1. Can you tell which of Gly32, Gly54 is open to solvent by 10 Å² or more (accessible area, probe 1.4 Å), modelled with pLDDT under 95, assigned to a loop (DSSP other than H, G, I, E, B) and on the phi > 0 side of the Ramachandran plot?
2. In the stretch 124-142, what count of residues is obtained for those that are touching a residue at least 12 places away in the same chain (Cβ under 8 Å) and exposed (fewer than 15 other Cβ atoms within 10 Å of the Cβ)?
3. How many residues does the stretch 289-322 hold that are assigned to a loop (DSSP other than H, G, I, E, B) and not β-branched (Val, Ile, Thr)?
4. Could you list all residues from the stretch 213-224 that are in a helix (DSSP H, G or I) and open to solvent by less than 40 Å² (accessible area, probe 1.4 Å)?
5. In this structure, does Leu203 turn out to be more than 30 Å from Ala58 (Cβ to Cβ), modelled with pLDDT of 95 or more and touching an Asp or Glu at 6+ places or on another chain (Cβ under 8 Å)?
6. Could you please give the count of residues in the stretch 257-283 that are surrounded by fewer than 21 Cβ atoms within 10 Å (Cβ to Cβ), more than 23 Å from Gly215 (Cβ to Cβ) and touching a residue at least 24 places away in the same chain (Cβ under 8 Å)?
7. Pull out all pairs, ordered by first then second residue, where Cβ-Cβ is under 6 Å, the residues are six or more apart or on different chains, the first lies in the stretch 61-81 and is free of Cβ contacts under 8 Å to residues at least 60 places away in the same chain and in a loop (DSSP other than H, G, I, E, B), and the second is open to solvent by less than 10 Å² (accessible area, probe 1.4 Å) and aromatic (Phe, Trp, Tyr).
8. Can you find a residue that is modelled with pLDDT under 95, open to solvent by less than 40 Å² (accessible area, probe 1.4 Å) and farther than 30 Å from Arg255 by Cα anywhere in the stretch 361-368?
Amino acid sequence: MTLGGDRSGTEPGTPAAEPAPGRRTLLGAAAGATALGASAALAAPAAAAGRRPGRGPAYRGLPVPTVIAHRGASGYRPEHTLGAYQLALDMGAHIIEQDLVPTRDGHLVCRHENDITGTTDVARRPEFAARRTTKTVDGQSYTGWFTEDFTLAELKTLRATERIPRTRPRNTLYDGRWTIPTFEEVLRWAEREGRRRGRPVWLHVETKHPTYFRGLGLGLEEPLARLLRRYGRDGRDAPVFLQSFEPSSMRRMARLVAAPRVVLLDAAGTRPWDFVVAGDPRTVDDLITPRGLRWIASFAQGIGPTFALVIPRDAEGRLTRPTTLVRDAHRADLLVHPYTLRNENQFLPLDHQRDDDPATPATDPGGYGDVFGLYQRYFATGIDGVFTDHPDTGLLAAADFGSTTGHG
């Protein structure tokens, strides 16, 4: 099986340092941010994340709350492109996230899903029309084009596009600018940027559908471990988090590398797909109990719950009272990195949506809501970090809240 990516260097069209959107674009409805907090968040680079003497592994030295750029700066650029990663880093994000899926010839590439119908121009490429098919992935049926049916060379002929163009029409300006990056290309990019900035570039790397791919003979964990070892990101103090919705994937990674690991948690009542396949009756509800969290802590250093597990919503979509999850996770010595905050109204709780145009009879789903107020409510629960499509907003909110260096 061929591993990693080619050695061709930076993709054509990848900026060395893309200009960030203007302040008005970045802040949107940011009237609640203090001038001091805003200027501090935009001007100050992310803190160096080296290990602090006597205080444990390197991740304990990250700023708190940690701002994790979800699929890069995906609120401003097509997700999982080198352009989105670069912009997130230039904005000051503390960590940049990648999701990994395999190609037919065993390369690991960065896509949120193996279904690339909505994130590339593949549907408009007649030479690949016959590759359109229907597959069942983790019990769900999907029709489209899938990475495991393409070689890396074939995938590299495609161009990345905005996944939700109706919500983020301005991002379509960048459709076609970048190709699908391999994870090895991202590692080389992080090395270059780390040398240029004099500090490590942290990554948050997810194995997607690992049981499904292992069943196809395209297991993710072993090639990922080899790449991490090749680029010196396999140790306890490596500037990387590994993550998966399948606990068995992180248990497998724990046997391969020492890098810190995070178990992602979907909605209450759901079951990880590896549990379904193995006949394990436990659900997310079992995993978020003190006993379940202690079990996770036996092979991982953190959890990544959906925000609804931190503060549930009522039947109308408004936030209710926080659960005990953050407190219970901290008692098990687990970090808490919930997902995902976005600026647009359609992704926000009802009590944080707002209409910026009084002449409009209904809230604009793609308009920005009271996201700063929402950040403060989540930060107040004691979470250690946050996945966000808009890292600049997250940094401003963290500055308002009063971020610190080092996890508790």
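1. That would be Gly54, the only listed residue that is open to solvent by 10 Å² or more (accessible area, probe 1.4 Å), modelled with pLDDT under 95, assigned to a loop (DSSP other than H, G, I, E, B) and on the phi > 0 side of the Ramachandran plot.
2. Total satisfying the criteria: 4.
3. Here the count works out to 12.
4. Listed by number, the residues that qualify are Phe213, Glu221, Pro223, Leu224.
5. No, not satisfied.
6. Qualifying residue count, the stretch 257-283: 3.
7. Gly72/Tyr85
8. Yes: one or more hits.
The values are calculated or read from the model by the stated rules, or taken from the named source; none is laboratory data. Because the structure is predicted, anything quoted here is derived from the model rather than measured. Methodologically, a virtual Cβ is constructed for each residue, glycine included, from the backbone with ideal geometry; neighbour enumeration extends over all protein chains shown. Ligands, DNA and RNA are stripped out before the accessible areas are found, and what is left, the full protein with its side chains, is counted by its heavy atoms. Shrake-Rupley method; radii C 1.70, N 1.55, O 1.52, S 1.80 Å.
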